[in-house]
Each structure stands twice: as C-alpha cells, then as structure tokens.
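The values are calculated or read from the model by the stated rules, or taken from the named source; none is laboratory data. These figures come from a predicted structure and were not determined experimentally. Cβ: placed from backbone, ideal geometry, glycine included. Neighbour counts: every protein chain shown. Each accessible area value is taken on the protein alone, full model and side chains, heavy atoms only, with ligands, DNA and RNA left out. Shrake-Rupley method; radii C 1.70, N 1.55, O 1.52, S 1.80 Å.
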Amino acid sequence: MINTKVLISLVIAVVSCGLYAAPQKVTPMTPDGVKSYNPIRPNADFVKKTVMVPMRDGVKLYTVILMKKGTKNAPILLSRSPYDAKGDAERTASQSINEIVAAMDVEFVEDGYIRVFQDIRGMHNSEGEYVTNRPVVGPLNDTGIDESTDAYDTIDWLVNNIQESNGNVGIVGSSYLGFTTLMAEINPHPALKAAVPQSPMVDGWMGDDWFHNGAFRNNNIGYTVGQSTANGEGKGIADGAGDDYSRFLQAGSTGDYIKQWGVEHYPFIQKLTQNPAYTEFWSLQAVDKIMAKQPLKVPTMLVVGQWDQEDSYGAPAVYKAMEPKDKNNDMVSLVIGPWRHSGVNHYGYKLGALTFTGDTAREFRVNYMKPFFDHYLKGAPDPKTPPVLTYATGANQWNESPAWPMGKAKKVYLDDDGGLSFNVPSGKKSHDEYVSDPAKPVPFIPRPINMGDSYQWKPWLVHDQRFASSRPDVLLYTSEVLDKPLHIMGAPMVNLYAATSGTDADWVVKLVDVYPNTTTEGPRQGAVGPEMAGFELPIGIEIFRGRYVHGFDKPAPLKPGKVEHYQFALPNVDHVFLPGHKLMVQVQSSLFPLYDRNPQSYVENIFYAKPQDYKKATISVYHSTKAPSNVELPIVE
C-alpha cells in the first residue's frame, strides 16, 4: 500500500526542484498566449539540434542536425540549400524520424546516418549575403569566399563537433542543391568521401534554368523575386491565377513584363537582362568547364530525370567533363531515370500519363544510391556501381552500361509530304513553309497556362502534343509504322536547314513517339491513367535562338531567305519506340510563355524589343539533297 505522507513528500520535492510546475490558478482574464512549445516530446525516436556553423570570414550558417537516438560511429549526409533547411527537416510534425524527413532520407536515417541540412549564406536563417549561383573564387569572384569554401568549412566543423560521427561525409542534393554538391567537390575537404549531385544547375545559359540556347525562360522572373526577397522568404509576383499566356502576351516584351511588375531593380534580373548572349559573364560560371579543370578526388554519382523540365543539361555535361579523368571507370557514374525535375527524391510510379512498373525512384535510391554511399561512408562492400545506369522508357526496364552515349548516330531525315525516313531525301520538293506570328505564339502546353501550378509545370515535358500538332504553324514529319523496336540511348542531335523572311527566328524541334490510334481494353476499362490511343509523347523538346547560329557569343542578324544550318542537341534519353508506334518530328518557332517571344526582326537586346519590332515571318524548313534536315538518333542495334 502506498504511504500517503511519503507520496505527498515526493510531490513537494519534485515541485520544489522545478521538475514539475504546478498549474497556476487562472481567471477568465488570464492571458492565453504561450511563448513557445517544443513539439519534440521525450518519447521521440530522434535527436534534433540547430547550430550556427562559423565560416572562415566569420559568417555563421544555420544548420540542422538530425539522427536517431542511440546513433554512434555514423556517417554524415549533408545537403546545402537556398530553400530553407528548417523546413527540410520538418516534413511532418511527428515523433518518428521517418516521418519528419523526406522520402529520399528514410532509408538513410533508419540505417543510422546523421542527416544535416544547411541554409547557404544569405538565405533564410543564415547570415551573410546571397548571390545566385555564387561564382567560384577566380576571375568573377575576388572575395575568397564561395560555395566551395563554405562547404569545406561546414564539413570541417561537422566532423570535429558531432561526437556521434565516424568522420566520413557524403553530400547530396537536387537542382540548386545539386550545384552546391558539385561546389563541394572543388578543393574538397578530406572528409568528403562521396557526392551525388542530382539535376545540378551547371550552365544557366546553355541549357539549365535561365536560358536554353539563348532563349530566355520567363518563369525565372517570379522565381528570382521569391528567392531574392527577404532572404528567400519572398512569395514571388502577386499576379493572380489567370492565364500566363495572355498575361505575358499583353505585357509586350519580357522587359515590359518585368517593368510592369516593378521588379527591374532586382540585381539578378539585371544580370539576366544585361547579359543575353553567352559572354564570359556566363561561360566563366559554367560548372562543367570548371570541373573539367579539377582533379577527380571524390567518387561522384550524377543523376538527372529524362524529362527534367528545369535542369536537363547539367548532369550529362558534367559527366562528359569528368569522365575522361576516370581512368578505371569507377569514380564517376551517370544515372538517367524516368523522372521530372528532382523526381528521384519523390515517388516514381508515374509521370503525367505515363505509368511505370513500380516506384522507379525508390528502386534507384535503395538499390544503387544508398549502397554507393554505404561503401564510401560506412566501409560496406563495393556495390560495383555501374558506370551508367538508365531507365529505358517504352520497355520499362533498367539498363546498366559501360559508357554514355551507348547508341550509334543514324540520321532520320525530314522528307516530302511530311515523311520521316532513314533514306536521304529525294529532293522532289525542297522545303515546307509556315507563317510564324509573334501575336499568336505556339503555347508550350494547352491553355489556360499557370506556370506556378505544379500539376501543369512538373509533367509538361510528357504532355500529349496533339494540342500543337494541329496548328498551321507547326510542321509534322512522321515515319511509317515500326515493325520492330527502335532503341535510342544518348542525346539526339538536330540538324535543321532552315530560312526565314525575317532577320531573327527561334527554332523548336520535338522528337515524338506516336502511339497506335487503337486501344486494347476499351475506354477506361482497367485504366490507371489517361487513354493513350494516338498519344503523341514527346521524347525530347529543345529551342535554339537563330541569332546565335554562328556563335553563342556572336549574336547577329539573319539574312532573309538564306538557308542556315542549325545544330543543337535534344536532352539525353534512353527510350524504346515499340512496334506499332511511329516516330514524329515537329518543328515550330515558339514555345510560349515559357520562352520569351522572338520579335523575328533583329534587335540588339530582345528583352527590350518594342511593339513595332514584332513581325510575322515566313519560315522555310528544307529537306532537299543539298539541305537535308534530319535528327541524328543514337540507335542501339
């Protein structure tokens, strides 16, 4: 039986020691506000710490450290982000570490990894000044400070201050975090043992976020406002939920749109608008060019989605730059999965209308990425990471390859009467024409368009192209029905011979997989997505601004009527065109409002084109013996 006097004495002792605060008597007018509440309860299965990590110049960076309780002798997995480290470590309010971390992190924290998230300087809770894609110390940066030095200082602090660590660090991240991951590999800290840059921002002018082959991507205006306002706490432009197509068209030029919303004073917007050509302003920032000059010290797994709508250029470009230094073909690997931008870190069952055979993203993370980190950070057996890992869409299977590209280039030619053939054109008809009207640009997806809507934005590169192929300003070239599979592995290369009646032009080329116009199950019978009968699946879409045909740093007017050879690559793919399907190539002159409109009359800076500069032009696409427009397909025999 409990002794009442003893129990009372214990309660008094607990209260007097401050271990339990007796509730105060309240009245109807007692203030109800509470200063703070710690949502992490004693029964939580994890430890969470926030620290301000000092850099060599005295700036301190906000850092969140997460680990399961009882973690010992564990590796550190670091991500350095401009997108709020605090939020990265709070996916769901929970007492379970599996629920507070993102899907990509579950297997790591379950296996005893220490997960670290950090705000880069100038963003959210970190000190210092933010510079978008801060250039490496050198010709463009004389401060002695860049993302490489910040990564070095961060890793040095972590391995010397986290007692539970085994002293080994890996770094991972997608998009901007892919950029900071690559930066950590420049003059790396000795404790950095492995890196997985995913969809990294590498060259913002050539083919990542800001431009593609000189054509500006309008969605970056709102992104810049959000990122550059109040240390990343901004909300972008308050333009409502209307149709972006109408909004940008009515504004005029992109410069007019920028002025309309009062954001022309933003420094990064000025950097974009003042540097429309590929001068050293951009080329000296290109990470692939920088990595090509660096010794290969850190095992690196480069990852990209086949339909990455933001950063499709970077990972393959860095692979091309680093691979020649990988003498034993075991330090650098390339992964191309069936994903949208950053899709590797989410659920990979489907994309748009496409459904895959299982969660392809988790398959990769569990079967390849984690064993890669385990080997270098925990001393686990060598998983024999394949030099190249790609997912063959169409066939829906993973392929392991010794190199990239794997296909051998074979030209498929645009031909008379909208044909597409592996035979050289006969020359009976030299060219096809259409009128490109800047007042009626081709939309990049069906209207109404909201580029801020993730349901429109994330899967746009797999959208059925029939909405565009019926327009008179889009040319179609279609093959005969395939009687056997056609497998491509690499980046298709466009060789477009074309002319314009104007003095400037944009060229958009799409490689399309046309599904049979039949169904085997009937409308919606057992369907898990949209009906695919007749579906026009884009395998690759890219744009090229005509003024750069003779050099990306040498913009010049086009000569009306002169046939020019425009050569540019489509994104890297592993795809199988199945029997019963057709190949299609589409050619057009706009992809709006994602890309700014070309006025089609030459002006020094398209950002500041005037209303009178926008003119109709007659576009001629040639498929003659002397000017045989084609797409080089990297075919695997």
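Consider the stretch 604-637 and keep the residues that are over 31 Å from the mean Cα position of the chain (by Cα) and part of a strand (DSSP E or B). The one that is farthest from L420 (Cα to Cα) is A617.
Is it the case, given these coordinates, that G236 is surrounded by fewer than 20 Cβ atoms within 10 Å (Cβ to Cβ), of a type outside the set (D, E, K, R), modelled with pLDDT under 95 and farther than 24 Å from S175 by Cα? The answer is no for G236.
Note on the stretch 377-407: residues that are open to solvent by less than 10 Å² (accessible area, probe 1.4 Å) and more than 24 Å from the chain's Cα centre (by Cα) amount to 1.
For the stretch 384-414, enumerate the residues that are in a loop (DSSP other than H, G, I, E, B) and basic (K, R). The one that is in a loop (DSSP other than H, G, I, E, B) and basic (K, R): K384.
Whether a residue is in contact with a Phe, Trp or Tyr (Cβ under 6 Å, 6 or more places away or on another chain) and either more than 29 Å from K484 (Cα to Cα) or buried (at least 23 other Cβ atoms within 10 Å of the Cβ) (or both) was assessed, and I619 passes this test. For the residues S421, S454, the requirement of being among the hydroxyl-bearing types (S, T, Y) and farther than 25 Å from D209 by Cα singles out S421.
Which of (1) out of contact with any helix residue (DSSP H, G or I) (no Cβ under 7 Å at 6 or more places or on another chain); (2) at negative phi does S79 not meet, given it meets every other one? Only one criterion is unmet by S79, namely (1). If you go through the stretch 425-432 one residue at a time, do you hit one that is at pLDDT 95 or above and surrounded by 14 or more Cβ atoms within 10 Å (Cβ to Cβ)? The answer is yes; a qualifying residue exists.
Conditions (1) more than 27 Å from W307 (Cα to Cα); (2) without any contact (Cβ under 8 Å) to a residue 60 or more places away in the chain; (3) touching an Asp or Glu at 6+ places or on another chain (Cβ under 9 Å), marked per residue:
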site: Y566; (1), (2), (3): no, no, no
site: A569; (1), (2), (3): no, no, yes
site: D574; (1), (2), (3): no, no, no
site: K582; (1), (2), (3): no, no, yes
site: V585; (1), (2), (3): no, no, no
site: L591; (1), (2), (3): no, no, yes
site: N598; (1), (2), (3): no, no, yes
site: F607; (1), (2), (3): yes, no, yes
site: Y622; (1), (2), (3): yes, no, yes
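All conditions in (1) within 21 Å of A191 (Cα to Cα); (2) surrounded by fewer than 23 Cβ atoms within 10 Å (Cβ to Cβ) hold for K68, with the sole exception of (1).
Considering the conditions (1) modelled with pLDDT of 95 or more; (2) closer than 27 Å to Y176 by Cβ, G379 is excluded by exactly one of them, (2). For the stretch 241-248, the condition holds for at least one residue, the condition being that it is over 23 Å from Y313 (Cβ atoms) and hydroxyl-bearing (S, T, Y). Looking at D209, is it in contact with a helix residue (DSSP H, G or I) (Cβ under 8 Å, 6 or more places away or on another chain) and under 14 Å from V318 (Cα atoms)? So D209 fails the test.
No other residue among S601, S590 is part of a loop (DSSP other than H, G, I, E, B), at pLDDT 95 or above, among the small types (G, A, S) and under 25 Å from the mean Cα position of the chain (by Cα) apart from S590. Within the stretch 415-444, residues that are without any contact (Cβ under 8 Å) to a residue 24 or more places away in the chain and part of a loop (DSSP other than H, G, I, E, B) sit with their Cβ atoms under 9 Å from residues that are open to solvent by less than 50 Å² (accessible area, probe 1.4 Å) and among the aromatic types (F, W, Y), at 6+ positions apart or across chains, in these pairs: F422/Y413; N423/Y413.
Within the stretch 301-330, the set of residues being crowded, with 24+ Cβ neighbours inside 10 Å, under 19 Å from Y176 (Cβ atoms) and of a type in the set (S, T, N, Q) comprises S312 only. Taken over the stretch 433-451, the residue count meeting the criterion of being open to solvent by 50 Å² or more (accessible area, probe 1.4 Å) and under 28 Å from the mean Cα position of the chain (by Cα) is 2.
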